[in-house]
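**Student:** Take this structure, written in structure tokens, and hold onto it; I'll ask about it next.
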Amino acid sequence: MILTVTMNPAIDTAYQLDKLVIDDVNRVVPKKTAGGKGLNVSRVLCQLGDDVVATGLLGGHMGAYMGSLMDADGIKHDFTPIAGETRICLNILHEGNQTELLESGPEISADELEAFTAKFAELVAKADCVTISGSLPKGVPADYYAGMVAECVRHNVPVLLDTSGASLDAALEAESKPTLLKPNLTEINALLGTSYTPEQVNDLAAALKADKRFADIEWVVVSMGAAGSFAFHGDKIYRAKTPDIPAVNATGSGDSTIAGFAHAIAAGSDDVTVLKTGNTCGKLNAMDPQTGHLVIEKWDEVYNAVEVTEL
Ligand code: ADP
């Protein structure tokens with residue numbers, strides 16, 4: 001079973017409009033999805049045929065509704081109930097623009113966090129692989145993911161971490177390391193205080209190699225959107241390039257990449273298969289108008305065209 005964690009989930013509501021008229025009535029047909037980065041990972045893992053359980057924190061009427069959206073998507077879920085209402089995030093698509101209104105989400109109490117910590121330990125004991133994605137809600141300390149990583153390491157379960165900012169800093173400082181870390185180029189530049197471009201992968205790779213914080217992490221993958229990715233695995237450095245097929249919506253490509261990595265790592269695949277699977281999922285998501293959904297019928301075409309080379 002692959003366990004996905006979404007600590008700050010959201011009901012994503014998308015409105016498609018020809019034109020957004022400010023200061024007047026706009027009539028819309030909503031499209032609602034169980035959102036949050038970990039839910040995107042879950043949906044893609046379901047498409048790949050994995051046994052998935054989604055966990056995290058859910059609250060109120062919105063939380064109950066979120067449960068029914070996950071049921072409709074065929075995602076098994078085991079979330080810890082909280083008193084606050086699960087948030088709603090609005091995405092208005094208009095005239096080629098994407099205007100987003102994101103609620104910050106509920107504040108988590110110490111008792112709620114303790115209940116989740118106990119549930120997580122139970123679920124990790126049954127998992128073959130764990131993915132942790134996205135931001136932490138209010139009330140949860142920045143080093144909480146570091147503690148979850150330590151729990152996975154205690155159970156000898158591979159754990160993939162996709163976060164940024166203070167929770168990423170705390171995970172890098174901690175003694176127990178995740179199996180795989182997947183910052184994108186913007187996140188890694190923010191962390192290093194640099195501004196590398198995809199053309200400068202060799203310089204970026206050298207900077208990462210010299211940075212002690214990454215030394216004991218088995219896999220470090222830097223995703224670079226349409227430019228593919230590069231990765232460290234032990235002493236090896238790899239460059240992955242995806243085929244030149246037009247993208248329609250790259251939102252959720254990083255989450256889809258995490259799903260592909262989790263799928264391949266849980267199956268004990270070799271390095272090239274791990275990288276080809278992750279990058280294929282990222283690309284197939286970018287080719288699909290839906291977020292966290294692959295154009296699965298193009299799997300063979302894209303998988304065979306993803307190039308992985310050792311640098
Ligand atoms: P994030 O969503 O975390 O910012 P990226 O945008 O770097 O992640 O995308 C993750 C992966 O998805 C990339 O490494 C690449 O393999 C694939 N990908 C993303 N966007 C595109 C695109 N426009 N064309 C081709 N592949 C893409």
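The values are calculated or read from the model by the stated rules, or taken from the named source; none is laboratory data. Not measured: the values here are computed from a predicted model. Counting neighbours? That spans all protein chains shown, and the Cβs are built from the backbone with ideal geometry, glycine included. All accessible areas refer to the heavy atoms of the entire protein, side chains included, with ligands and DNA or RNA removed. Shrake-Rupley method; radii C 1.70, N 1.55, O 1.52, S 1.80 Å.
**Student:** Between Lys209 and Asp111, what length comes free when the chain is fully extended (0.36 nm per residue of separation minus the Cα-Cα distance, one decimal in nm)? Each step should come with its number before you reach the end.
**Tutor:** Working: separation 98, 0.36 × 98 = 35.28 nm, distance 4.04 nm.
Computed gain between Lys209 and Asp111 is 31.2 nm.
**Student:** Counting only Cα atoms, I'd like the Rg/Rh figure for the chain, Kirkwood definition for Rh. Present the calculation step by step, with values, prior to reporting the outcome.
**Tutor:** Values: Rg = 18.9 Å, Rh = 19.8 Å.
That ratio is 0.96, to two decimals.
**Student:** Hey, another quick one. At a Förster distance of 22 Å, what's the computed FRET efficiency of Lys138 paired with Lys76, Cβ-Cβ distance as r, to 0.05? Don't skip to the end; give the middle numbers.
**Tutor:** On the way: r = 27 Å, r/R0 = 1.24.
Computed FRET efficiency for Lys138 and Lys76 comes out at 0.20.
**Student:** In square nanometres, what is one fourth of the surface area of the convex hull spanned by the alpha carbons of the range 164-308? Working shown, then result.
**Tutor:** Values: hull surface 33.6 nm².
Here the figure is 8.4 nm², rounded to one decimal.
**Student:** Ignoring ligands, DNA and RNA, what percent of the accessible area of the range 22-103 is carbon or sulfur (1.4 Å)?
**Tutor:** 54
**Student:** Now, a different point. Based on alpha-carbon centroids, what's the gap between the range 28-83 and the range 230-274 in Å, whole number please?
**Tutor:** The distance from the Cα centre of the range 28-83 to that of the range 230-274 comes to 23 Å.
**Student:** Ok, one more. On full extension of the chain, what length is gained from Asp216 through Asp300, given 0.36 nm per residue of separation minus the C-alpha to C-alpha distance? Don't jump to the answer; show the numbers that get you there.
**Tutor:** Working: separation 84, 0.36 × 84 = 30.24 nm, distance 3.39 nm.
Using 0.36 nm per residue and subtracting the Cα-Cα distance, I get 26.8 nm.
**Student:** Using R₀ = 41 Å, calculate the FRET efficiency as 1/(1 + (r/R₀)^6) where r is the Cβ-Cβ separation of Glu100 and Asp235; round to 0.05. Walk me through the numbers on the way to the answer.
**Tutor:** Values: r = 41 Å, r/R0 = 1.00.
That pair, Glu100 with Asp235, gives E of 0.50.
**Student:** Continuing with this model, one more query. Where does the range 185-239 land on the Kirkwood hydrodynamic radius, alpha-carbon pairs, in angstrom? Write down the numbers at each step before the final one.
**Tutor:** Working: mean 1/r = 0.0884 Å⁻¹.
The Cα-based Kirkwood calculation yields 11.3 Å.
**Student:** Nearest 500 deg cm²/dmol is fine: what mean residue ellipticity at 222 nm does the chain get from its DSSP H runs of n ≥ 4 alone, each adding -39,500 (n - 2.57), divided by its residue count? Numbers along the way, then the final one.
**Tutor:** Numbers: 10 runs with 114 residues, N = 311.
Roughly -11000 deg cm²/dmol at 222 nm, from the helical runs in the chain.
**Student:** OK, next. Specify the residue with the greatest mean-square fluctuation among Thr80, Thr197, Thr273, computed from a Gaussian network of the chain linking alpha-carbon atoms under 10 Å apart.
**Tutor:** Of Thr80, Thr197, Thr273, the most mobile in the Gaussian network model is Thr197.
**Student:** Still on this structure, I have one more. For the range 47-206, what number results from the quotient of the Cα radius of gyration and 2.2 N^0.38 Å?
**Tutor:** Numbers: Rg = 17.6 Å, N = 160, 2.2 N^0.38 = 15.1 Å.
Dividing the Cα radius of gyration by 2.2 N^0.38 Å gives 1.16.
**Student:** For each pair in Lys182/Lys298; Lys177/Lys298; Lys31/Lys177; Lys119/Lys241; Lys32/Lys177, compute the distance between the two Cα atoms and list the pairs where it is over 29 Å.
**Tutor:** Working: Lys182/Lys298 24 Å; Lys177/Lys298 35 Å; Lys31/Lys177 38 Å; Lys119/Lys241 39 Å; Lys32/Lys177 36 Å.
Violating the 29 Å Cα-Cα cut-off are Lys177/Lys298; Lys31/Lys177; Lys119/Lys241; Lys32/Lys177.
**Student:** Here is a follow-up. Name the most mobile residue of Leu168, Leu20, Leu208, meaning the one with the largest mean-square fluctuation, in a Gaussian network model of the chain with Cα contacts below 10 Å.
**Tutor:** Highest fluctuation among the options: Leu20.
**Student:** What is the extension gain from Asn202 to Met1, computed as 0.36 nm multiplied by their sequence separation minus the C-alpha to C-alpha distance, in nm to one decimal?
**Tutor:** Numbers: separation 201, 0.36 × 201 = 72.36 nm, distance 3.65 nm.
Working it through step by step, the gained length comes to 68.7 nm.
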